[in-house]
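Written out below as C-alpha cells is the structure these notes cover.
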Amino acid sequence: MTDITTEIDFSQLEKGDSLWNKAWYKFKRDGMGKTGATIVLIYLVIALGVWFGLWGDAWSDTSDDLWQGPTWKHWFGTNVIGSDVLTRVIYSTKVAFEVGFTVAILSTVLGAILGSLSGYYSGTWIDSVILWLMGVLDSIPFYLFVAAVAFALKDNPFAMHIAMIATFWTGTSRVIRGEVIKLKGQEFVEAARSIGVTENKIIFKHIMPNTSHILLVQSTIAFVAAIKSEVILSFLGLGVKDGVSWGLMISESTQDVLAGHFNNFAASSVFLFVLVIAFNMFSDSMQDALDPKKVS
C-alpha cells in the first residue's frame, strides 16, 4: 500500500513552472539527497580551505613521532616518516576535488558537443565517425589505456586527467545523442528551421540547453568516477605524481598495515568512502528530481 505521507503534492506548483522549479521542489523533500549534499558541501569547504592556504599546507612535514596512534597533537596519528595523517587526508581532499571537477567538466562538455552533433546528424557520416570513435575508446580496457597515455606523455602530471577525459565523455555522448534525436523533431526546432536559423545555432542555442538537466546528472556521475579512478590509478603508480592523494596514502599504507599500523589506511579509506557515498546519494536524488517523467 502506498504511504500517502511520502507522496509529493505537485498540485501546489503552477502549471507554468519549469522543470528546474519542480525538480527543486522535489529535491527539498528528499532527506537522503539533502544529507548527501550537506556532506559534499562540507568536503568542498575543506578543499577550499586547502586552496586558500587555511589548512593542510604541512602535509609533507616530518617529525620524530613515527607510527604514533591518535593523540591530541595528531588526531589520526602519524605515518612511517612522522607526517600527520589528518593533515595529509585534508590536503588529499583538495586533490580529489581538483581531479573530479576537471574531469567532470571537460568530459561532460566534450560529450555534450559530440553527442549533440551525432544526434542531430544521425544517419550521416558525422554520426558514423563519432559512433566509431566511441566504439574504439569503449573497446580499450580503461587502465590499459591510462597506462598507454601515461607512457606516451612521460611524466606529464595531466596524463591521468587526459586519459579519463578521453574515455569518460563517451557515456555522456551516448545519452545526449539519444536525447537530441528525440528533440530535433520537436516543434521549436522545426520553427527555428522555418525562419532560417542556421544548424549550428539550432544545435548549440536551441537543442543543447534543453539537455542541461541530463548534463548536470552526467557530470556528477563523472565526478565520482574520476575520484575513484584517481585512487586506483595512484595506488598503481599511474595517478598523482607530485603531491599526495587518498590513493597514494592507501598505497603507502601497505607497509604500515603489515607492521600493524592502520591509521594511514583507515583515514584515507574512510574519507574516500564517505565522499563517494554522499555524492552518490546526491547524484541519485538529482537524477530522480530531474527526471521529466516524475516531475511533469
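Every number here is computed from the coordinates shown, using simple stated rules; none is lab data. What you see is a predicted model; the values in this text were computed from it and never measured. Heads up, the Cβs are rebuilt from the backbone with ideal geometry, glycines too, and the neighbour counts pull from every protein chain shown.
Key figures for this structure:
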| item | result |
| --- | --- |
| Tilt relative to the chain, helix 31-51 - C-alpha long axis, 0 to 90 degrees, to 10 | 60 |
| The chain: most fluctuating residue of 83, 139, 118 per GNM, C-alpha cutoff 10 Å | 139 |
| Set of region 197-239 residues, backbone N closer than 14 Å to the point 7 Å along the Cα-Cβ line of residue 101 | 223 |
| The chain: angle of helix 125-139 to the longest principal axis, Cα-based, in degrees nearest 10 | 30 |
| Region 203-220 - phi-based ³J(HN,Hα) in whole Hz, Karplus 6.51/-1.76/1.60, Gly and Pro as x | 5, 8, 9, 10, 8, 4, x, 7, 10, 4, 5, 6, 5, 5, 5, 4, 5, 5 |
| For the chain, built as a Gaussian network whose Cα springs stay under 10 Å, the top-fluctuating residue of 112, 23, 104 | 23 |
| In degrees, nearest ten, helix 85-120 long axis to first principal axis of the chain (Cα) | 20 |
| Largest-first principal axis extents of the Cα set of region 70-214 (Å) | 72, 33, 20 |
| Per-bin percent of Cα-Cα distances, region 170-265 [5 Å] | 3, 11, 15, 12, 10, 8, 7, 8, 7, 6, 5, 3, 2, 1, 0 |
| Cross-link table 184/205; 26/184; 182/205, entries beyond 18 Å C-alpha to C-alpha | 26/184 |
| Length released on extending from residue 187 to residue 232, taking residue separation times 0.36 nm less the Cα-Cα span | 11.5 nm |
| Most mobile of 117, 137, 275 in a GNM of the chain (Cα contacts under 10 Å) | 137 |
| Average projected area [Cα convex hull, the chain], square nanometres | 21.0 |
| Modelled FRET efficiency - R0 41 Å, residue 125 with residue 44, Cβ distances, 0.05 increments | 0.40 |
